[in-house]
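Before any comments, here is the structure.
None of the figures in this text is laboratory data; all of them are computed from the coordinates on show. These numbers come from a predicted model, not from an experiment. For neighbour counting, all protein chains shown are included, and Cβ atoms are generated from backbone atoms with ideal geometry for every residue, glycine included.
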Amino acid sequence: MSCAALGIDYPIIQAPMAGTATPALAAAVSNAGGLGSISIAAVQAEAGRQMIRETRAATSKPFNINVFCHRLSVADAAREQAWLAHLQPYFAEFGAAAPEAIRDIYCSFQEDEGQLQVLLEERPPIVSFHLGLPPQARIDALKSAGITLLASATTLEEGLLAQDAGIDIIVAQGIEAGGHRGGFDPAHDQGIGTLALVRVLVKHLSRPVIAAGGIMDGAGIAAAMNLGACAAQLGTAFILCPESAANEAYRRMLGSDRARVTQVTTAISGRPARGIVNRFMAEVGAPGHPAVPGFGIAYDAGKQLIAAAAKAGNAEFAAHWAGQGAALARTMPAAELVAVLQREYLAARG
Ligand SMILES: Cc1cc2nc3c(=O)[nH]c(=O)nc-3n(C[C@H](O)[C@H](O)[C@H](O)COP(=O)(O)O)c2cc1C
């Protein structure tokens with residue numbers, strides 16, 4: 001099945017990456033014939049509007065705007081205090097005090113009115129959902145506005161729910177993927193790999209499927225297409241592009257031997273996400289740690305610890321999200337990377 005609804009020349013999607021993918025990156029990818037994406041999940045609605053406008057100003061091609069659709073976290077003062085006590089020695093190491101209280105710092109498109117208004121008013125050509133689906137009325141409203149909809153699925157069950165809700169194309173996100181696991185409920189995560197998941201979704205769904213997770217080059221794109229995917233979505237492969245927002249420490253880490261070891265952790269944000277193993281994952285997330293607060297609440301503490309460490313020149317406490325193919329990451333401008341990926345894909349396809 002084809003991805004014609006996306007209106008792209010090449011079957012290459014640059015993944016939305018909250019905090020890392022910029023309007024400049026997305027526009028460069030779209031202008032080069034792929035599909036560029038940004039996430040507005042980590043910013044307030046009006047800042048998201050500006051990002052959409054910046055992207056639109058830099059490309060006349062289709063682009064994708066991503067929002068998170070997680071169930072809102074429930075505050076639990078005792079759990080949060082125990083977690084802050086767990087983090088305290090690390091804050092102390094950097095001469096900082098742990099925050100006294102933490103709160104959910106992420107919007108969810110499950111209920112955020114501002115995000116809905118912005119999407120309906122700005123009408124980006126494509127919108128994608130991660131970490132769940134929004135209420136049906138929101139899906140219907142976006143579809144009525146002529147927007148093509150994508151949603152991440154990590155199991156067949158989630159793929160079927162997305163299809164039944166009217167999502168146009170399903171993004172099969174395998175366990176190899178960098179960043180947050182897109183599953184609807186982490187308690188039901190089966191850790192399915194990209195190969196098996198793409199194949200299962202292609203066989204059981206009537207909608208086109210995009211493959212995501214561990215794809216770093218044209219050979220990977222060809223493999224995904226052979227499995228029946230209509231396009232491949234690559235995140236980690238685009239982090240080293242100069243147009244991304246990745247800071248120097250992130251670029252150094254991804255370009256080093258450290259990129260050989262990635263792991264899924266909940267310790268940083270409160271939801272499972274894959275990144276390059278560092279002290280945050282290995283020490284804060286070591287077995288036996290206290291219960292991690294909910295998504296967004298844990299990330300409030302995590303981001304403050306990351307900032308304190310960065311201020312002290314320490315890159316071991318960071319969210320260096322990256323997939324299992326991280327050791328294959330290349331440094332080049334986004335347009336060049338899209339051209340290289342397309343050339344490699346055609347060569348691999350034979
Ligand atoms: C740094 C980073 C941030 C990410 N942020 C998002 C996000 O905001 N929204 C989203 O839908 N997916 C996000 N993802 C997951 C990607 O959509 C995609 O599933 C993943 O990058 C594919 O695996 P790969 O990194 O091995 O290519 C992120 C991935 C990375 C590496």
**Request:** Give me Leu161, Leu35, Leu197 ranked fewest to most by other Cβ atoms within 10 Å of their Cβ, as a rough exposure proxy.
**Result:** Leu161, Leu197, Leu35
**Asked** Tell me, what HN-Hα J-couplings in whole Hz come from the Karplus equation 6.51 cos²θ - 1.76 cosθ + 1.60 at θ = phi - 60° for each residue of the stretch 280-297, using x for Gly and Pro?
**Response** 4, 6, 6, 9, 5, x, 4, x, x, 5, x, 4, 7, x, x, 4, x, 6
**Asked** Summing Lys, Arg as +1 and Asp, Glu as -1, what charge do residues with Cβ under 9 Å from the Cβ of Leu240 carry, Leu240 excluded?
**Response** +2
**All aspartates and glutamates inside 20 Å of Lys303 as judged from Cα atoms, apart from same-chain residues fewer than 8 positions distant** = Asp76, Glu80, Glu93, Glu100, Asp104, Glu248, Glu283, Glu316
**Prompt:** From the backbone phi of the stretch 249-255, what are the Karplus-calculated ³J(HN,Hα) couplings (6.51 cos²θ - 1.76 cosθ + 1.60, θ = phi - 60°) in whole Hz, Gly and Pro given as x?
**Reply:** 4, 5, 5, 4, 4, 5, x
**Prompt:** How large is ³J(HN,Hα) for each residue in the stretch 175-190, as worked out from phi by the Karplus curve 6.51 cos²θ - 1.76 cosθ + 1.60 (θ = phi - 60°), to whole Hz, x for Gly and Pro?
**Reply:** 5, 5, 4, x, x, 6, 4, x, x, 6, 9, x, 5, 9, 5, 9
**Asked** In whole angstrom, how far apart do the alpha carbon centroids of the stretch 1-50 and the stretch 187-252 sit?
**Response** 14
**Request:** May I ask you to compute the full-extension gain from Asn226 to Ala85, defined as 0.36 nm times their residue separation minus their alpha-carbon distance, rounded to one decimal in nm?
**Result:** 45.8 nm
**Asked** What 222 nm value per residue comes from the helices of the chain, counting each DSSP H run with n ≥ 4 as -39,500 (n - 2.57) and dividing by all residues, nearest 500 deg cm²/dmol?
**Response** -11000 deg cm²/dmol
**Asked** What size of dipole, in debye to the nearest 20, comes out for the chain about its Cα centre when the only charges are +1 on Lys and Arg C-beta atoms and -1 on Asp and Glu C-beta atoms?
**Response** 680
**Request:** Name the long-range amide H neighbours of Phe63: under 5 Å, sequence gap of 5 or more, or other chain; modelled H, no Pro or chain starts.
**Result:** Ile126
**Request:** Rounded to the nearest 0.05, what FRET efficiency do Leu120 and Glu283 give with R0 = 45 Å and r taken as the Cβ-Cβ distance? Could you check?
**Result:** 0.50
**Asked** Under a point spin-label approximation (7 Å from Cα along Cα-to-Cβ), what is the Glu100-Asp189 distance to one decimal in nm?
**Response** 3.4
**Request:** Give me the number: length gained by fully extending Ser2 to Ala219, i.e. 0.36 nm times residue separation minus the C-alpha to C-alpha distance, one decimal in nm.
**Result:** 76.2 nm
**Fill in**
Gly214 neighbourhood, Cβ < 13 Å, K/R = +1, D/E = -1, net charge -1
**Fill in**
Out of His86, His180, His70, a Gaussian network model of the chain with alpha-carbon springs under 10 Å gives the largest mean-square fluctuation to His86
**Prompt:** At a Förster radius of 41 Å, what calculated FRET efficiency corresponds to the Cβ-Cβ distance of Glu46 and Ala347, to the nearest 0.05?
**Reply:** 0.35
**Message:** Are there any GluC sites (Glu not before Pro) in the stretch 10-109 that are in a DSSP loop and have at most 10 other Cβ atoms within 10 Å? List them by number.
**Reply:** Glu100
**Prompt:** For the stretch 276-349 and the stretch 118-161, what is the separation of their C-alpha centers, rounded to whole Å?
**Reply:** 26
**Loop sites in the stretch 127-177: GluC sites (Glu not before Pro), DSSP, at most 14 other Cβ within 10 Å** = none
**Asked** In the Gaussian network model of the chain, springs joining C-alpha atoms below 10 Å, which of Ala47, Ala27, Ala224 carries the largest mean-square fluctuation?
**Response** Ala47
**For the chain, built as a Gaussian network whose Cα springs stay under 10 Å, the top-fluctuating residue of Ser37, Ser152, Ser206** = Ser206
**Request:** Report, ordered by chain and residue number, the aspartates and glutamates lying within cross-link reach of Lys143, taken as a straight Cα distance under 19 Å and ignoring same-chain residues fewer than 8 apart.
**Result:** Glu111, Asp112, Glu113, Glu121, Glu122, Asp164, Asp168
**Prompt:** Cα axis of helix 45-58 to longest principal axis of the chain: angle in degrees, 0 to 90, nearest 10?
**Reply:** 40
